[in-house]
Amino acid sequence: MSTYKHLIFAMMALIGLSSLAMASAQKQPAYKAGEYGLTEDQFAEFPLPLGYYDKKLTDDGKIDLGETLSYRSMQQNGFNLVASIIFVCAILHTFLAGFFVNMAHHHQEKHEVRIKKEGRTACAKLEDDAQDDVSFRAQALHFLGEVEVIFGLWVAALVISIYYFFGFLGEGLDGFLDGYHQIQLYFGSDVNFIEPVFVVVIMAIAATRPVVRFSERVIGSVARLFGGGPAAWWISIITIAPILGSFITEPAAMTIAAMLLAKRFFDKNPPANFAYATLGLLFVNISVGGTLSHFAAPPVLMVASKWNFGLEYMFLNFGLKAVVGIFIANALYFFIYKKHFKALAAEDGQETRRPLWAEREDAIPFFVTFIHIVFLAWTVLNAHDPPLFILGFVFFLGFTQTTGHHQNEVSMKSPLLVGFFLAGLVIHGKCQSWWIEPLITSIDNKYILMIGSTVLTAFNDNAAITYLASQAPGLSIGAKYAILAGAVTGGGLTVIANAPNPAGQSILGKHFKGGVVPFKLVKAALIPTVIMGACFMLIPSKGMTVDPLDGVEHHDEHAEDQHDAEHTDAGLNTHHDAHSGLPH
């Protein structure tokens, strides 16, 4: 993709987000902030706010989960149930992606034989720049097998259901405009696309040659301390990159780690079980590695402000435990697959082909690398302000053009596919709160709650899990801790479990025959997931029992009491002075 096309994308994203913001300001919300526990206006009539639903309780005052789910599923004529069925279909589709890819290859091979026989190849045509005839069936099947586009494809089914329930169902064809209006409100005002756009930009910057080469030098300095072989590179990348995610954000860390692993590990054709083990370990490590800070991991970001989980709290109660877990899991997998590293080392130096331009090792001037790091930092610091980080991206693209001989082409295919994946996920995910919230809040035992949060994360984005938990009133600190621990622990079980995972899948998927098989990924990630969960729940820390909000609330109450006392004293002094006739 040319730089001009990159600029067009960036400007369209900027204009689009600005237009949505302006349009939102001109519309009347269906539910205003403050109603039904909402923290901000909701413009579409769906999904119903959680506070809108009646509570269904048992005789002893606890949530009746079965009755609650049955009641909520049929609200708005059953839209909730249909939206969740569509979401489940999208998840099942991800498990079938490999089947569609294999079918695509089969039809493509048949097509190539047919067009060669019929003279429809590029070589058989008169034009110099002719192309082979394309197999629509093979391309369509390949498209259905792209994991990154699956949730976006099923958005079409969700849109049709919205038309039906909020348009046709009430007024038939006359309700067409009403259904369209609800779609406009939901997509344009209620769904937040900042994270998908941010991931597109941070992936594009983090994958550039100067950033990857700089990261390679930093991690390589550690790898050389241990001999510099495949084993040293493997353990260095899989350890250092996830921890860096706490400072450069998890999507950036995933992009850098995946690209370095592709070069130093996957290109050497490791056994399939070792490849899956590495991918599962990477996904789990990235998910927990962002917990040393309160801004880098999406599930942490969702609750950091509301639960007062600041930098100190996250570092002491999650970050240090995550580092312990990463070291244990990495050491375990290292010893399990130690015998395979000798075979990988034998692959070094055996290639005789000329290196590609993109693989050149010539030096990059310091100022070029420094400017890239500045743009990366600018994007991270302004992660919640799209106009700022998109404008920064525009200038970044211009800089890459002026230093082109030190760059590789800024590839936008993978970032855009990942952004499309995440956009589809947040569109679907917002309609799943009706069943996720009661499942989370109906569990009292912190260990069961942590396991439940981990399992739910495998079938939904972990940021959605923590966001929904933050909307539930009266959660104890034990419940808050368990939910967040489960969300970050389960972030490596599936591609959809954590926002950076699609980036890793997009970069490394080509190294897995037929694509990444979800069942094999779950199996590979299970052991490190158990290790991380044990570290979070069994290593004691003060934050597991002491709510950081208590100190804030106590401080606020003390300040309010002091203010009232001063106000009372002032009143008494005024009253005394009025009677004594003396000025105060």
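The values are calculated or read from the model by the stated rules, or taken from the named source; none is laboratory data. Because the structure is a prediction, the values reported are computed rather than measured. So basically every Cβ, Gly included, is an ideal-geometry build from the backbone, and we count neighbours across all protein chains shown. With ligands, DNA and RNA removed, areas are computed over all heavy atoms of the protein, side chains included. Shrake-Rupley method; radii C 1.70, N 1.55, O 1.52, S 1.80 Å.
Hey, what's the per residue convex hull volume over the C-alpha atoms of segment 77-190, in cubic angstrom?
Considering the Cα atoms of segment 77-190, their hull volume per residue is 164 Å³.
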If you fit an axis through the alpha-carbon atoms of helix 97-118 and take the longest principal axis of the Cα set of the chain, what angle between them do you get, 0 to 90°, nearest 10? 30 degrees
Which whole-number percent gives the relative contact order of the chain, counting Cα pairs below 8 Å spaced six or more residues apart? 20 percent
Too long for a 27 Å Cα-Cα cut-off, among 430/510; 342/510; 62/430; 55/306; 268/321; 268/523, are 430/510; 268/321
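Of all the C-alpha pairs in segment 226-281, what % are more than 16 Å from each other? All intermediate terms of the calculation are to be shown ahead of the outcome.
Details: 614 of 1540 pairs.
In whole percent, the share of Cα-Cα pairs in segment 226-281 beyond 16 Å is 40.
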Could you give the dipole magnitude of segment 77-190 about its Cα centre, charging the beta-carbon of Lys and Arg +1 and that of Asp and Glu -1, in debye to the nearest 20? 500 debye
Taking the highest mean first, how do the peptides 382-394, 477-489, 115-127, 511-523 order by number of other beta carbon atoms within 10 angstrom per residue? 477-489, 382-394, 511-523, 115-127
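Calculate, for residue 366 and residue 77, the FRET efficiency according to 1/(1 + (r/R0)^6) with r their C-beta to C-beta distance and R0 51 Å; round to the nearest 0.05. Could the numbers behind the result be given before it?
Working: r = 63 Å, r/R0 = 1.24.
After rounding to 0.05, the efficiency reads 0.20.
Sorting check: for 419-426, 529-536, which peptide has the highest mean count of neighbouring beta carbons within 10 Å, and how do the rest follow? List each step's numbers first, then the result.
Working: 419-426: 24.1, 529-536: 22.5.
Ranked from most to least packed, the peptides come out as 419-426, 529-536.
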Which translational diffusion coefficient, to the nearest whole µm²/s, is obtained for segment 301-404 from the Stokes-Einstein equation, given a Kirkwood hydrodynamic radius over C-alpha pairs, 20 °C and 1.002 mPa s? 113 µm²/s
Measure nothing fancy, just the Cα-based angle from helix 3-25's long axis to the longest principal axis of the chain, in degrees from 0 to 90, nearest 10. 20 degrees
Rg/Rg_globular for segment 94-161, with Rg_globular taken as 2.2 N^0.38 Å and Rg from C-alpha atoms: 1.44
In deg cm²/dmol, rounded to 500, what helix-only [θ] at 222 nm does the chain give when every DSSP H run of at least 4 residues adds -39500 (n - 2.57) and the total is split over its residues? -21500 deg cm²/dmol
Net +/- balance of residues flanking residue 206 in space, Cβ distance below 13 Å, scoring K and R +1, D and E -1: 0
On a full-extension model of 0.36 nm per residue, what is the gain between residue 320 and residue 102, subtracting their alpha-carbon distance, rounded to one decimal in nm? 74.2 nm
Taking +1 at the Cβ of each Lys and Arg and -1 at the Cβ of each Asp and Glu, which of 522, 86, 228 sits farthest along the dipole of the chain towards its positive end, judged by Cα position relative to the Cα centre? 228
Keeping the other protein chains in place, figure out the carbon and sulfur percent of the accessible area of segment 77-190, with a 1.4 Å probe. 62 percent
Modelled FRET efficiency - R0 45 Å, residue 312 with residue 391, Cβ distances, 0.05 increments: 0.85
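Ratio to report: Rg/Rh of segment 218-311, with Cα atoms as the point set and Rh obtained by the Kirkwood method; give two decimals. Don't skip to the answer; put the middle values down first.
Working: Rg = 14.6 Å, Rh = 13.9 Å.
My calculation of the ratio gives 1.05.
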Let me know the charge dipole size of the chain about its Cα centre in debye, to the nearest 20, where only the beta-carbon of Lys, Arg (+1) and Asp, Glu (-1) is charged. 3220 debye
Can you pull the one-decimal nm distance between simple spin-label points at residue 339 and residue 131, each 7 Å off the Cα toward Cβ? 4.8 nm
Distance in nm between residue 70 and residue 57 label points, each 7 Å along Cα→Cβ, equals 2.0 nm
Taking every Cα atom in the chain, find the radius of gyration and the maximum pairwise distance Dmax, and write them in Å. 27.0, 114
Between residue 89 and residue 545, the two model label points (7 Å from Cα along the beta-carbon direction) sit apart by a distance in nm of 5.1 nm
Test of understanding: what is the full-extension gain from residue 444 to residue 176, defined as 0.36 nm times their sequence separation minus their Cα-Cα distance? 92.0 nm
